[in-house]
C-alpha cells in the first residue's frame, strides 16, 4: 500500500475523534516522519476560541513528543468540498519540519484530493535564519 493511502487511512480514522462542538468541522491529519513512523492528530476546539488545536498541529506535536523531527509526507482529511487545506499557522508549523518539496495531500470523504508541495502551499516561509 502506498504512503499516501496509509496516511489517508490514518487521517480518516483519527478524524472521528475530533472535538469540534463549535464548528462541527472535523479534520484528521497524518504526517510521515523520516523514521518511517506515522503520527496523527485531530482538531480540538475550545470555548476560548482560538485556543484550540488544528489537526496538523496535533500530529506535529505527537511526532515531536515521540522524538522525530522531520516530516516527509502529509495528508489532511476534511469533509468539505473542495477539501480544506492547512491554515496559515499550520502551513508555517509544517514547514518547520518539512522540506520545500514535501508532498501535502488534502482530501475529502468523497475521494476528491489534491497534492501540493510544501513550498507551493507556503512560498517564502519563515526559516530559522530569518
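Taken together, the values in this text are just the output of simple stated rules run on the coordinates, not laboratory data. As the structure is a prediction and not an experimental result, all values here were calculated from the model. All Cβ positions, even for glycine, are placed from backbone atoms using ideal geometry, and neighbour counts span all protein chains on display.
Checking residue 83 against (1) within 13 Å of the chain's Cα centre (by Cα); (2) farther than 25 Å from residue 123 by Cβ: exactly one of these is not met. Which one?
That leaves (2) as the condition not met.
Which one of these is touching a helix residue (DSSP H, G or I) at 6+ places or on another chain (Cβ under 7 Å) and in contact (Cβ under 8 Å) with a residue 40 or more places away in the chain: 44, 77?
Result of the check over 44, 77: 77.
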